[in-house]
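Scroll down for the structure; my scribbles are underneath it.
The values are calculated or read from the model by the stated rules, or taken from the named source; none is laboratory data. Just so it is clear, the model here is predicted, and its values are computed rather than measured. Using ideal geometry, Cβ is built from the backbone for each residue, glycine included, and neighbour counts are taken over all protein chains shown. With ligands, DNA and RNA removed, areas are computed over all heavy atoms of the protein, side chains included. Shrake-Rupley method; radii C 1.70, N 1.55, O 1.52, S 1.80 Å.
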Amino acid sequence: MKILKVVCENFVAATPEVVKWNSWDSEHLNSVHGAYDAPKYLLTREGEVLFVDRVKVPFFRIRLKCLVFAIQWDSENQITYTLTPFFLAKNTINVQQINDGTTRVRVIYEFSGNWIQALLFPIFKILIQRWNQTVWEEDLPLKLRRQKALSYGFIDFRGIPDKMEMRKDRTGIYKASIPVPTTRNVEEFSHPFFISGRS
Amino acid sequence: MQVEIKFLDLPVEGGSVTFDFPDLKQEILIIKKGGRFMVYSSFCPHFGGPLELKGDRLHCYFHDYEFSLTDGKCLNRDTSVKCSLFNFSIIEDGICVDIT
């Protein structure tokens, strides 16, 4: 078995919890990223999800049906396994605060394949780097906006508090719920196999 | 707390303008529709995304949430979250918005 490993690194002026919020927010996949269809969840539980999706391959006009399992392994690492008709992939998203205002996001992409598939690894490498850059650029405004909202005292499902004295900077105390809660009756949770371990 | 915005800075009919007040920790979206101004918090009440005017409703592209211009209610999700509308008064050279 051959393994392709690609490491991509980016930096953002937001807290690690804001990065995790973005990473674990299922509802934005369809509205923000052209590469995803609305995922259909099969299982969600504190810190882990399993879903099926159709992901657009960079440069090509095809979509691959994928089964994706994601787990928040520890406070800094999210691990995702993706099974497609052609390969199995493992992504590790390492989120680390490097100073007061900056977080480093390092994604380690690993693909397994036989020797025939390995012939395509040089092309895979380019596709993965392109994929990472596209997704990063699409997500960046969300992270920065979320950081700003929290710094203004934003409270989820409510907004900016009415009273000035309640508008305290919440960036330091905010902890992302994993996976991120959604509103009721959303399409993503309509699969007949869906089960949730979350109350 | 009130803020004043000059007529020259306000949107034209069918348009919208966003104003940020970092010291007051609020960002507002002013729109003009049917000859009337309306003022909202520009933070989507769901997760804080930027609200924009889209046709006859407010839209947040983060999660495609849509809100009514008249009462701020969410129009396309099963939720009671509402966007904030602010009162304002017309003054000599603009409008005065109460954002607290």
### Query
Applying the selection to region A:21-36, what residues are touching a Leu at 6+ places or on another chain (Cβ under 8 Å) and open to solvent by 30 Å² or more (accessible area, probe 1.4 Å)?
A:Tyr36
### Residue in region A:108-125 that is among the polar types (S, T, N, Q), closer than 30 Å to B:Pro50 by Cα and in contact (Cβ under 8 Å) with a residue 12 or more places away in the chain present
no
### Task
Quick one: which strands (runs of 3 or more DSSP E) lie wholly within region A:1-65 and hold at least 2 residues that are without any contact (Cβ under 8 Å) to a residue 60 or more places away in the chain?
A:48-56
#### Entry: Options A:Ala89, A:Ala70: the member that is within 30 Å of B:Asn76 (Cα to Cα), buried (at least 16 other Cβ atoms within 10 Å of the Cβ) and either touching a strand residue (DSSP E or B) at 6+ places or on another chain (Cβ under 8 Å) or in contact (Cβ under 8 Å) with a residue 40 or more places away in the chain (or both)
A:Ala70
## Note on the structure
Exactly one of A:Pro141, A:Pro122 is under 30 Å from B:Leu85 (Cβ atoms), open to solvent by 50 Å² or more (accessible area, probe 1.4 Å) and in a helix (DSSP H, G or I), and that residue is A:Pro141
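Taking into account only those residues within region A:15-35 that are of a type in the set (Val, Ile, Thr) and more than 10 Å from chain B (Cβ to nearest Cβ), which is nearest to the chain's Cα centre (by Cα)?
Here the answer is A:Val19.
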### Residue list for region A:147-173, restricted to those being out of contact with any Phe, Trp or Tyr (no Cβ under 6 Å at 6 or more places or on another chain), in a helix (DSSP H, G or I) and at the interface with another protein chain (Cβ under 7 Å from one of its Cβ atoms)
A:Met164
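Test B:Pro50 against the criterion of being free of Cβ contacts under 8 Å to residues at least 12 places away in the same chain, under 25 Å from A:Ser151 (Cβ atoms), at the interface with chain A (Cβ under 10 Å from one of its Cβ atoms) and of a type outside the set (A, V, I, L, M, F, W, C), and give yes or no.
Here the answer is no, as B:Pro50 does not meet what is asked.
Could you list, in sequence order, the residues of region A:73-86 that are touching a Leu at 6+ places or on another chain (Cβ under 8 Å) and open to solvent by 70 Å² or more (accessible area, probe 1.4 Å)? Reasoning before the result, please.
To start, the set of residues in region A:73-86 that are touching a Leu at 6+ places or on another chain (Cβ under 8 Å) comprises A:81-86.
Hits for region A:73-86 are A:Tyr81, A:Leu83, A:Pro85, A:Phe86.
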### Pairs, first within 12 Å of another protein chain (Cβ to nearest Cβ) and over 16 Å from B:Cys60 (Cα atoms) in region B:12-25, second open to solvent by less than 50 Å² (accessible area, probe 1.4 Å) and in a helix (DSSP H, G or I), C-beta under 9 Å, six or more apart
B:Pro22/A:Ser151; B:Lys25/A:Ser151
## Note on the structure
Checking A:Tyr152, A:Tyr109 in turn, the sole residue that is at pLDDT 95 or above and in contact with a Cys (Cβ under 8 Å, 6 or more places away or on another chain) turns out to be A:Tyr109
### Task
Check every one of the strands (runs of 3 or more DSSP E) wholly within chain B and list those with 3 or more residues that are out of contact with any Cys (no Cβ under 9 Å at 6 or more places or on another chain) and at positive phi.
none
